[in-house]
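**Student:** Encoded as structure tokens, here's the structure I'll be asking about.
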Amino acid sequence: MAQVIIVGDGPAGLSAALFLARGGHQVVVFGEDDTAMHYALLHNYLGIPEIGGTEFQRIARDQVSAAGVALRDEEVTAVRREGDGFAVEAGGAEERGDYLVLAGGKAAQRLAEELGAQRRDGTVVIDTEYRTDVHGLYAVGRVARPNRSQAVISAGAGATAALDILAREAGRDVTDWDTPPPE
Ligand SMILES: Cc1cc2nc3c(=O)[nH]c(=O)nc-3n(C[C@H](O)[C@H](O)[C@H](O)COP(=O)(O)OP(=O)(O)OC[C@H]3O[C@@H](n4cnc5c(N)ncnc54)[C@H](O)[C@@H]3O)c2cc1C
């Protein structure tokens, strides 16, 4: 079982957390529920004709908690490499993870910089799986696409990064597919 730290509790971070917890990994999400979603009224999240961003966040937080994710209402103030993994500082304590997912919106650029991740034009560089060039470090959502940010894109980015971590841990491609019970 891997220990995954997620910095940021908007759609990107919570979506990554959901997939990783369902995949059997230990997940901690840091964030103070201060996402831009609280300003949004969504009409463009496929499958949900209309929902307030605050309501969306409430449902999402309940969903990831029920899946076993630890939501920590704290700001991550510093990050560093520790061995093959990462250590983050929050609330005067340190947490260690094998993987670190930066999902903190624009504010997380500083953390990417602290870890020496490659940046271009002020934005962290990622590949199609949202990996940075630092092994085990991902950047998803608004932090990676600051000027083209949409809730559904952030949620998809979080899921994509999570599947990549699940695949790395399993040593094969992984999907999270469910089917309805037989009638
Ligand atoms: C007025 C407004 C209206 C919008 N309307 C829509 C809309 O209609 N449809 C739509 O799709 N999108 C809309 N958006 C955009 C949408 O809110 C964003 O696309 C979405 O919130 C991005 O999600 P994210 O998870 O990438 O980042 P964010 O939602 O920005 O979440 C990042 C979270 O990480 C936290 N964080 C940052 N740094 C740290 C740290 N060091 N430690 C701990 N936590 C940290 C932040 O406080 C925040 O809670 C709107 C945005 C605004 C401002």
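The values are calculated or read from the model by the stated rules, or taken from the named source; none is laboratory data. Note that the structure is a prediction, hence the values are computed from the model and not measured. Positions of Cβ are backbone-derived with ideal geometry, glycine not excepted, and every protein chain shown enters the neighbour counts. We work out accessible area using only protein heavy atoms, side chains counted, and drop any ligands, DNA or RNA first. Shrake-Rupley method; radii C 1.70, N 1.55, O 1.52, S 1.80 Å.
**Student:** Scan the stretch 43-68 and report the pairs whose first residue is within 23 Å of V4 (Cα to Cα) and whose second residue is loosely packed, with under 15 Cβ neighbours inside 10 Å, with Cβ atoms within less than 8 Å and a gap of 6+ or a chain change.
**Tutor:** The qualifying pairs are Q57/D33; Q57/H38; R61/D33.
**Student:** Give the residue, chosen from R80, R61, that is at pLDDT 95 or above, touching a Phe, Trp or Tyr at 6+ places or on another chain (Cβ under 8 Å), of a type outside the set (A, V, I, L, M, F, W, C) and not in a loop (DSSP other than H, G, I, E, B).
**Tutor:** Going through R80, R61 in turn, the sole match is R80.
**Student:** Please go through the stretch 112-128 and give me each residue that is closer than 19 Å to I165 by Cβ and part of a helix (DSSP H, G or I), ordered by number.
**Tutor:** Selection gives A112 alone.
**Student:** Given the criteria of a type in the set (A, V, I, L, M, F, W, C), within 11 Å of the ligand (Cβ to nearest atom) and farther than 18 Å from M1 by Cα, does V79 qualify?
**Tutor:** Criteria met by V79.
**Student:** Every residue in the stretch 1-20 that is more than 6 Å from the ligand (Cβ to nearest atom) and either touching a strand residue (DSSP E or B) at 6+ places or on another chain (Cβ under 8 Å) or open to solvent by less than 10 Å² (accessible area, probe 1.4 Å) (or both), please.
**Tutor:** M1, A2, Q3, V4, I5, I6, L14, A16, A17, L20
**Student:** If I go through the stretch 81-95 residue by residue, how many of them are charged (D, E, K, R) and surrounded by 13 or more Cβ atoms within 10 Å (Cβ to Cβ)?
**Tutor:** Residues meeting the conditions: 3.
**Student:** Go through the stretch 129-154 residue by residue and tally those that are outside any loop (DSSP other than H, G, I, E, B), within 8 Å of the ligand (Cβ to nearest atom), touching a residue at least 24 places away in the same chain (Cβ under 8 Å) and not hydroxyl-bearing (S, T, Y).
**Tutor:** 5
**Student:** Collect the residues in the stretch 21-41 that are near the ligand (Cβ under 8 Å from one of its atoms), surrounded by fewer than 18 Cβ atoms within 10 Å (Cβ to Cβ) and part of a strand (DSSP E or B), keeping them in residue-number order.
**Tutor:** L41
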